[in-house]
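Before any comments, here is the structure.
The values are calculated or read from the model by the stated rules, or taken from the named source; none is laboratory data. Just so we're clear, the structure is a prediction, and the values are computed from it rather than from any experiment. Here the Cβ is made from the backbone with ideal geometry for all residues, glycine too, and neighbour counts use every protein chain on show. Note: accessible area is taken over every heavy atom of the protein model, side chains too, but ligands, DNA and RNA are not part of it. Shrake-Rupley method; radii C 1.70, N 1.55, O 1.52, S 1.80 Å.
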Amino acid sequence: MAPLDHTSDKSLLDANFEPGKKNFLHLTDKDGEQPQILLEDSSAGEDSVHDRFIGPLPREGSVGSTSDYVSQSYSYSSILNKSETGYVGLVNQAMTCYLNSLLQTLFMTPEFRNALYKWEFEESEEDPVTSIPYQLQRLFVLLQTSKKRAIETTDVTRSFGWDSSEAWQQHDVQELCRVMFDALEQKWKQTEQADLINELYQGKLKDYVRCLECGYEGWRIDTYLDIPLVIRPYGSSQAFASVEEALHAFIQPEILDGPNQYFCERCKKKCDARKGLRFLHFPYLLTLQLKRFDFDYTTMHRIKLNDRMTFPEELDMSTFIDVEDEKSPQTESCTDSGAENEGSCHSDQMSNDFSNDDGVDEGICLETNSGTEKISKSGLEKNSLIYELFSVMVHSGSAAGGHYYACIKSFSDEQWYSFNDQHVSRITQEDIKKTHGGSSGSRGYYSSAFASSTNAYMLIYRLKDPARNAKFLEVDEYPEHIKNLVQKERELEEQEKRQREIERNTCKIKLFCLHPTKQVMMENKLEVHKDKTLKEAVEMAYKMMDLEEVIPLDCCRLVKYDEFHDYLERSYEGEEDTPMGLLLGGVKSTYMFDLLLETRKPDQVFQSYKPGEVMVKVHVVDLKAESVAAPITVRAYLNQTVTEFKQLISKAIHLPAETMRIVLERCYNDLRLLSVSSKTLKAEGFFRSNKVFVESSETLDYQMAFAESHLWKLLDRHANTIRLFVLLPEQSPASYSKRTAYQKAGGDSGNVDDDCERVKGPVGSLKSVEAILEESTEKLKSLSLQQQQDGDNGDSSKSTETSDFENIESPLNERDSSASVDNRELEQHIQTSDPENFQSEERSDSDVNNDRSTSSVDSDILSSSHSSDTLCNADNAQIPLANGLDSHGITSSRRTKANEGKKETWDTAEEDSGTDSEYDESGKSRGEMQYMYFKAEPYAADEGSGEGHKWLMVHVDKRITLAAFKQHLEPFVGVLSSHFKVFRVYASNQEFESVRLNETLSSFSDDNKITIRLGRALKKGEYRVKVYQLLVNEQEPCKFLLDAVFAKGMTVRQSKEELIPQLREQCGLELSIDRFRLRKKTWKNPGTVFLDYHIYEEDINISSNWEVFLEVLDGVEKMKSMSQLAVLSRRWKPSEMKLDPFQEVVLESSSVDELREKLSEISGIPLEDIEFAKGRGTFPCDISVLDIHQDLDWNPKVSTLNVWPLYICDDGAVIFYRDKTEELMELTDEQRNELMKKESSRLQKTGHRVTYSPRKEKALKIYLDGAPNKDLTQD
């Protein structure tokens, strides 16, 4: 691509432009400078443009259009280029738009900017980081000279003493203006700028009270920095139409009469009087604040008034000046002849207090206060008070939050510009008029609610006085220290620009390296300049991977690598001096490949990788040793035949090609024997990266069909074998004596150790699996004898504190009689003595994947299935369901279901329950149906695993079922597989129980951890149930009690009978069977009451890890039939502002009339005066007593409860009721505030939403020492 010579006289055709076709031009940078559009008749140099003050650059006659260069192919970000207006924006840190608006206004004020430039910073006296004037100087210089679109304000806010959290606090721009001016005054003491703020912004007014009887007047002179103008008069629904009208209202006097009479010092009595304000002097820069934020005492909320209020471009203030008072002597002190000061000085309107000694209250953290500042005196004739508008600070949003931006008129070209954070654009006078607010039409009091939320909030006018109106300083007028600052900032910006240029030319690509000694794949990101050579990049990668002490540099090289396919694409021989930009295809945001830092041993030679080659990892198989060796990498071509490929491998691994068998693993469990010698590798399915198994022996296995050969079986086992780490339960002496061990009957125990002849025991000894089984059998016999003795004593069903189970029959007897299995499913109820087991939240895989199970261990579907263990919180965390939804249990329509008499199996089924038995229908163990590879050996775990714990490293075929896997673990655990549980350990050591016994381990992967816990596992038809106590009138109505086991076919009464001893022993609850009930639990909501004759799985749908409520009854159970309805009622007493406790009401039907009768019966309220409403949200449907009287839908017009808007179709609904004749208590403001605090605290403790909780506002403060004083900032 040849550059065009812009000075050449060649025509476009001579410059190789093709007529009639698209010709593309590529614009690029020249000498590191970004491209600029050069206008015609340019006569000024670039330097002269940048030395001028920033403003809209001329469109003709000079260079200087800094229009953004827009091109999709251009690499510069548009945010780095200055706006076409020539002005620079400010970056919004988070919520600092209010700060940006004020800073831009001050920057565009010539008098303020010039005075700031004249101030000189003395570095010897102050830290530049904490100097507010110096940081403002730097910011203004950058706004004037920077080539960026926007600059940061972090240095300015840091000088305020703010941290990053302040950027997330939104404040009022008028408040910021006052606080910043006070801070500048403090910083500028004893300097030429000490009185700058007063000279520019301060005015004077008189606060007076005149007796209407004798004419005596008491008055006081006050100063102000801005004039607050109300949008609407207090109590009025009509807003002022214009700023002039609001100003007239501001100085309109009020009459003090009646109880508000004024005590006249001259009359010596209370008299009618006139009280008001008079303007004595207007400042040079007049600031008007439009008070759009108000407080609605009806809703007790802050609101924003969006009413229309016009403001002129030129404002004549001569009509508001008091000529007589202007001519009268003005004193510094406050002349008070008896005017009352408390509440009589319009303090609600004036933004400036009437005294000069309250600097601390304005947000400036000062230890001491300065004396009274000298007020500048400047008199103006009445006919010269014409002000021109030059800044409108606009707020868009509501009282809760919004956005500020500024519309500012430049005094250089009289054009209006919008400064909206980093965006600066030219606007018109019509855009200014749009900020007046309001909307078309009249909507009465709430008109502002329908108006635009974008309107003017603060106006700044400048007095039109040619003698005082200043222009911005020219470059040659800059003080010397500003010239030095400009130069310094330019150098810093150039340095930053060069750094960006480096970043723009830096290639960033993923880098991998297999550590030569640790054999661990390391990953990093290589950042290398595009002009760096490959040799330099190798050295950078070498140091980045910390290989200096491991391997010499000449033993490393960079190669093109595909990490996803683990494929080496090509090497770069002879290109050591080639730039990385060319090798990588240019600088890109992302690359479709990676780099690998390949290493070799000093005596080895790097292999050449050519594009088009495929990589093959070759595993050598030894049939005699039944081993598969680590891979050796060879490279081949897709057009090679199988015969040529065998020759290639033969040279690499030194095996004869004549008897060689090659098996390609195309994907998981897809083994393909390469039997056709003439086929190409491409035809056989080879890709970029491949894996093959090679065997070359002269055994008879070579002649067998591949699917029946030993090689296939070995490879099939290899592909499906995973390594697991199993944590065995602690072998404590107290519990070990009671644990059972099981040895397979009928000579089947040999299956356990077919592939494990010797298992390593403790350090220093070897122990065979037969020895483990023999020892376990002896313990089993002793336990059986002891159980028989316990049975003779009648204590077989009694649990002890030291036993892990109770009522465990002899496993040998179980084997002898398969018929006893079915009986044991309902008769054995094992409970653990460890109370912690009842507190832990053990989630199982059947919660989600419980609809169908696969018993076949060879299922292809299982090979690709994901984890069957549902990830649930095991740390007592409840899992909320959507309101009104329940995945199990009786639904809200359970009454119609009961009448149908039809069994529903939504979550469970007869042949596929939540857990599966370890035995089939004939009693044969499922684990014995088909043998799968299993090998276990002791493993030394890391430190910290705890004393007494032992680990096993298990290699197992992942197609084995969980039932068979547990049976293989029996000799190592020491108990039957039905008496221990398997927990899968996930990230963060979360444990979740695996209970689906007929599912395989296909969801497990290498190095997964498993924890074994003692405790009877569930049998088919059994479910683990969590029981919670329902306490309707407690602050926390849901209390966990214990874990229980319910069985399919069991009645509710039977489950209650089994719960009674457990409740007594574990919870200390002594209950009789007729004094408590069980009911459905959906999250924290109580639901259907279960009747004693209900049968689980027939009348009540049940699933694994089900949850139920246990409710203690005060009397006899009133719920006898499915047609009844139990609701929880609560009386609201508006005259006392309180709620009574819950009372249950049992209805015979869904009739509203019956509900009213019941409520009248329990409360004594006349039937005709009963009003009720349904509670909202989660039980107990808490609501603030300040809101309940008007927020609920009282007295719905319905005749039945099961229709809209009530929809009460199930037990447990909450009903609030009241006496409609009872009046609501009238609260004072203090009582309301106190009650609001109590209710807010109460509702927050119960976890319910508070109706109104306003965000606590943080006071805006500027810290003069650069750091906040903790004592002053405490809330």
Checklist line | Ile1100 long-range amide H proximity, modeled H, under 5 Å | finding: Ile1095
Check: Shape of region 554-662 from its Cα gyration tensor (a ≥ b ≥ c, root eigenvalues): rounded if a/c is under 1.5, otherwise prolate when a/b > b/c, or oblate?
Finding: prolate
Next item on the list: For Lys601 and Met704, calculate 0.36 nm times their separation in residues minus their Cα-Cα distance, and state this gained length in nm to one decimal.
Entry: 32.9 nm
Margin query: Show me, for region 198-215, the HN-Hα J-couplings you get by feeding each phi into the Karplus relation (A = 6.51, B = -1.76, C = 1.60, θ = phi - 60°), rounded to Hz, glycine and proline as x.
Written below: 5, 5, 8, 10, 8, x, 10, 8, 10, 9, 10, 9, 10, 6, 7, 8, 10, x
Check: Where a ≥ b ≥ c are the square roots of the eigenvalues of the C-alpha gyration tensor, would you call region 83-167 rounded, which needs a/c under 1.5, or, failing that, prolate if a/b is larger than b/c, or oblate?
Finding: oblate
Checklist line | Distant-in-sequence amide H partners of Cys271 (H built 1.01 Å from N, under 5 Å) | finding: Tyr262, Phe263, Cys264
Next item on the list: Describe numerically, in nm with one decimal, the distance between label points set 7 Å from Cα along Cα→Cβ at Lys488 and at Thr298.
Entry: 5.9
Notebook entry, point to check: How would you rank 145-158, 101-114, highest first, on the average number of other Cβ atoms within 10 Å across their residues?
Noted result: 101-114, 145-158
Notebook entry, point to check: Taking 0.36 nm per intervening residue step and subtracting the Cα-Cα distance, what contour gain separates Glu1034 from Lys464 on full extension?
Noted result: 198.0 nm
Margin query: Please compute the per residue accessible area over region 1027-1119 with all protein chains in place, 1.4 Å probe, rounded to a whole number of Å².
Written below: 37
Next item on the list: With a probe of 1.4 Å, find how much accessible area region 588-651 has per residue, and write the answer as a whole number in Å².
Entry: 57
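Quick check on my link table: of Lys1081/Lys1120; Lys518/Lys588; Lys966/Lys1080; Lys148/Lys304; Lys148/Lys488; Lys409/Lys433, which ones sit more than 24 Å apart, alpha carbon to alpha carbon?
Lys518/Lys588; Lys966/Lys1080; Lys148/Lys304
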Margin query: For a protection proxy built on the mean count of beta-carbon atoms within 10 angstrom, sort 1026-1036, 687-697, 472-482 highest first, please.
Written below: 687-697, 1026-1036, 472-482
Next item on the list: Would you mind listing how long region 963-1080 runs along its three principal axes, going by Cα atoms, in whole Å with the largest first?
Entry: 51, 32, 24
Check: To two decimal places, what compactness ratio does region 79-236 give when its Cα radius of gyration is scaled by 2.2 N^0.38 Å?
Finding: 1.31
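Report, in debye and to the nearest 20, how large the dipole of region 565-647 comes out about its Cα centre when Lys and Arg carry +1 and Asp and Glu carry -1 on their Cβ.
I would put it at about 220 debye.
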Margin query: I'd like the projected area of region 161-306, averaged over all directions, using the convex hull of its alpha carbons. Report it in nm² with one decimal.
Written below: 13.5
Next item on the list: Using a 1.4 angstrom probe on heavy atoms only, work out the carbon and sulfur share of the accessible area of region 614-698 in %.
Entry: 52
Next item on the list: Keeping all protein chains in place, calculate the accessible area per residue for region 133-278 (probe 1.4 angstrom), answer in Å².
Entry: 39
Check: FRET efficiency for Phe687 and Glu730, Cβ-Cβ distance as r, R0 = 45 Å, nearest 0.05?
Finding: 0.35
Margin query: Using a 7 Å offset from Cα along Cα-Cβ at Glu480, what residues in region 109-134 end up with backbone N under 14 Å from the label point?
Written below: 120-121
Notebook entry, point to check: How big is region 503-584 on each of its three principal axes, counting only the C-alpha atoms and giving the largest first in Å?
Noted result: 35, 29, 27
Margin query: Please list, in order along region 646-662, the HN-Hα scalar couplings obtained from phi with the Karplus expression 6.51 cos²θ - 1.76 cosθ + 1.60 (θ = phi - 60°), rounded to whole Hz, x for Gly and Pro.
Written below: 5, 4, 4, 5, 4, 5, 7, 10, 6, 10, x, 7, 5, 9, 6, 10, 10
Margin query: Return the equivalent ellipsoid semi-axes of region 210-269 as a descending list in whole Å, where each equals the square root of 5 times an eigenvalue of the C-alpha gyration tensor.
Written below: 29, 16, 9
Checklist line | Additional length obtainable on full extension of the chain from Leu1224 to Gln990, 0.36 nm per residue less Cα span | finding: 79.0 nm
Item checked: Spin-label pair Glu414/Glu314, simplified geometry with 7 Å Cα→Cβ offset, distance in nm -> 1.0
Notebook entry, point to check: Counting only residues 5 or more places away or on other chains, whose amide H sits under 5 Å from the amide H of Phe980 once H atoms are built in the peptide plane?
Noted result: Gly1015, Ala1017
Margin query: If I model a spin label as a point 7 Å beyond the Cα along the Cα-Cβ vector, how far apart are those points for Asn669 and Gln1124 in nm?
Written below: 5.5
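Which three semi-axes in whole Å describe the equivalent ellipsoid of region 1100-1257, each the square root of 5 times a Cα gyration tensor eigenvalue, listed largest first? Walk me through the numbers before you get to the answer.
Details: eigenvalues 173, 95, 40 Å².
Those come to 29, 22, 14 Å.
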Check: Tell me, what HN-Hα J-couplings in whole Hz come from the Karplus equation 6.51 cos²θ - 1.76 cosθ + 1.60 at θ = phi - 60° for each residue of region 511-521, using x for Gly and Pro?
Finding: 10, 10, 7, 8, 4, x, 9, 7, 6, 10, 6
Margin query: At 1.4 Å probe size, put His955, His968 in order of accessible surface, largest to smallest.
Written below: His955, His968
Next item on the list: Using R₀ = 22 Å, calculate the FRET efficiency as 1/(1 + (r/R₀)^6) where r is the Cβ-Cβ separation of His1189 and Ala400; round to 0.05.
Entry: 0.30
